[in-house]
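Only one structure is covered here, and it is reproduced in the block below.
Every read-out reported here was derived from the displayed coordinates using simple, explicitly stated rules and does not represent laboratory data. No experiment lies behind these values; they were computed from the predicted model shown. Ideal geometry is used to build each Cβ from the backbone, glycine not excepted, and the neighbour counts take in all protein chains shown.
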There are 2 protein chains.
Amino acid sequence: MDKIQLEQYVDELRQSLKTRVGENPVLLLISGGVDSTVTGALLLKILNSDQVHLMYMDTGLMRKDETISVKSALEKLGAKHLHIVHCEDEFLAALKGKSEPEVKRKTIGDLFITVQERETARLGLPENYFLAQGTIRADLVESGEGSPSVIKSHHNVASPLVEAKRKAGTVIEPLARLYKDDVRTLGLFLGLDESITARHPFPGPGLAVRVLGEVTKEKCDILREADAIFIEELKRRRGPSGRSLYDEIWQAFAVLLPVRSTGIKDNARAYGQVLALRAITGTDGMTAAPYLFETRDLLEIASRITGSVKEIGRVTYDISGKPPATIEWE
Amino acid sequence: MDKIQLEQYVDELRQSLKTRVGENPVLLLISGGVDSTVTGALLLKILNSDQVHLMYMDTGLMRKDETISVKSALEKLGAKHLHIVHCEDEFLAALKGKSEPEVKRKTIGDLFITVQERETARLGLPENYFLAQGTIRADLVESGEGSPSVIKSHHNVASPLVEAKRKAGTVIEPLARLYKDDVRTLGLFLGLDESITARHPFPGPGLAVRVLGEVTKEKCDILREADAIFIEELKRRRGPSGRSLYDEIWQAFAVLLPVRSTGIKDNARAYGQVLALRAITGTDGMTAAPYLFETRDLLEIASRITGSVKEIGRVTYDISGKPPATIEWE
């Protein structure tokens, strides 16, 4: 979309949203990802900032400095009611001892709903409040519409709160017609910084699907550090197009494997944890290919990670396409 | 070493070995690797083939078609006493339920010695037989001589049988002064095929250190297939020097991780096993670097593996140097 189309899109939304929502409060859950943050920016642009309630749950499964950067971006856009819920301990306690991917996903999804409903109730909004969602086109496709099977459950599409609100006709999904690239352009147009809008997609269950097996705070901390180094390196290295590798890549992240492997430290045998790096070129939702790095870049990044994060002794690069592999590992 | 040096080396050995060994029998354990096979070829060249006893243990932890190719190579060189010990079931039973790397290594080392002593006794050799070993220069360095710490135990250096024989002065190690490259040149000079002499190094405990965690026949079979495809692809692809990737690479192999990750099969969510590929450029024993593939080669190889070995859903490439990682994963 070009600038004129964007202005038109926002104008149309302003009219239709204002008509639908009126003076009622609107609640939006901010996940930390691009979609919900742009939705937040859009609501703040279109509606009265007094009626916009933004809730962000710090589950302890977020990327490094994610909470800080989302908070400051939304405050910059005039957010008045920004509710940061600190629920790290609650999520880690619920995940304790759970290592099966489906069990982990369900645990997070269920707790997400519990906390969301509890914290929403705590806000004391009138019953006729609207619920905004950052759903985009690709989410709907992956959740089964027009596709032969549900590949992954997006908990922001199916929760009881959402279902109840949907039945009541009070769910608004202003980005549902947009593709990711349009969402990004819209975000910039609305005044979000590129460090937010250009951010790679991040899954609903957060780092829990990237700490394979049982999730602990210690493992999340290790993964957060390693992931941040990976991303920092991608931002400072240039690709063939002259853009940064980060901008050339659709989605990049690190995965912590429940595997220890041998290494050498101070000339003695030592065990280190194993990290996998994943980087994906553009995807149409159903297929994706690994990014074609210069292998030297990968080796240097791996070396910086093992040099900086002492727990990690070995780094691999995921060279699998989708299909047969999914983008995320769990 | 050039041809003249090789001839000289073999001539010197012929004189010294014949003087030392006389008419006594010589027993050599063939591991399937280059070193012991070249040692076998050397013994068959220098000594009377009637006094040379070659023992090969098929532990079930060998690479694909390894037993067949070693057997035919040694028979071609005139081996008369080639004892193939089929002990796959024995090794797999001993490894059952064991997932700690050190425990696995010790189990294999101990059983290796047990089977070796039992089968040696079965041969009924006179007590004054000599024991030949394929030890090369790098093995001694890695086992502690001149190095600050023992990185990895080589069971062919330290077994009681070897120790007893060493005390009795009846161990012969004709390659102990040679570096790997010289061993290869010597092998060719002795009439071994390049498919044997150019073979990448293979660890004593075999595939057991490449099936991470508990070892089962099923996992070994999966790894064997995937590894064979990897090697085949390296042999048919050319590197920058014009040689095959296999010849440009010092050591390449696949590792089966005790990790399942999500994938897509027939449009539905599926779990697949994760494979890591490792490829190392030349090593001085203490350091090694991953081979700098064209990433496209890696992607095509990964795709062929997941297309051919249905249990594998995801493939990664190990981008860690030594140090901090070792070449093998366990």
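A few points about this structure:
- Rounded to 5, percent antiparallel among DSSP beta bridges of the protein assembly as shown: 45
- Spin-label model distance (nm) - A:ASP266 vs A:GLU23, 7 Å beyond Cα toward Cβ: 7.0
- Remark: label point of B:THR281 defined 7 Å out from Cα along the Cα-Cβ vector; separations to the same position in other copies 2.5 nm, ascending.
- 7 Å along Cα→Cβ, label-point gaps from A:PRO240 to other copies, nm, shortest first: 1.7
- Taking chain B and dividing mean pair separation by its residue count, relative contact order in percent (alpha carbons under 8 Å, at least six apart): 16
- Lysine pair number, Cα distance threshold 27 Å (strictly under), the stretch A:178-268, separation 8 or more or different chains: 5
- Sites listed here are GluC sites (Glu not before Pro) in the stretch A:1-56 whose DSSP assignment is loop and whose Cβ has at most 13 other Cβ atoms within 10 Å: A:GLU23.
- In the stretch B:166-236, the trypsin sites (Lys or Arg not before Pro) that fall in loop regions by DSSP, at most 12 other Cβ within 10 Å: B:ARG177
- Taken over the protein assembly as shown, the ratio of Cα radius of gyration to 2.2 N^0.38 Å equals 1.18.
- Chain B versus the axis that turns it onto chain A: the residue with the nearest Cβ and the distance in whole Å amount to B:THR316, 2.
- With a Förster radius of 60 Å applied to the beta-carbon distance between B:LYS167 and A:ARG122, the computed FRET efficiency rounds to 0.15.
- Spin-label proximity, A:THR287 to the stretch B:274-308 - amide N less than 19 Å from point 7 Å beyond Cα toward beta carbon: B:296-308
- Cleavage-rule hits, trypsin sites (Lys or Arg not before Pro), the stretch A:83-140, DSSP coil, Cβ neighbours within 10 Å at most 12: A:LYS96
- Label-to-label distance, nm, for residues given as A:ASP221 and B:GLU218 (7 Å Cα→Cβ offset): 3.8
- Pseudo-label separations to other copies for B:LEU161 - Cα-to-Cβ vector, 7 Å, nm: 6.9
- Across the stretch B:18-116, C-alpha contacts under 8 Å between residues 6 or more apart give a mean separation that, scaled by the residue count, equals a relative contact order of 25 percent.
- Using a Förster distance of 56 Å, the FRET efficiency for B:ASN48-A:SER244 (Cβ separation, nearest 0.05): 0.20
- Three-way shape label, the stretch A:156-268, alpha-carbon gyration tensor, a/c 1.5: oblate
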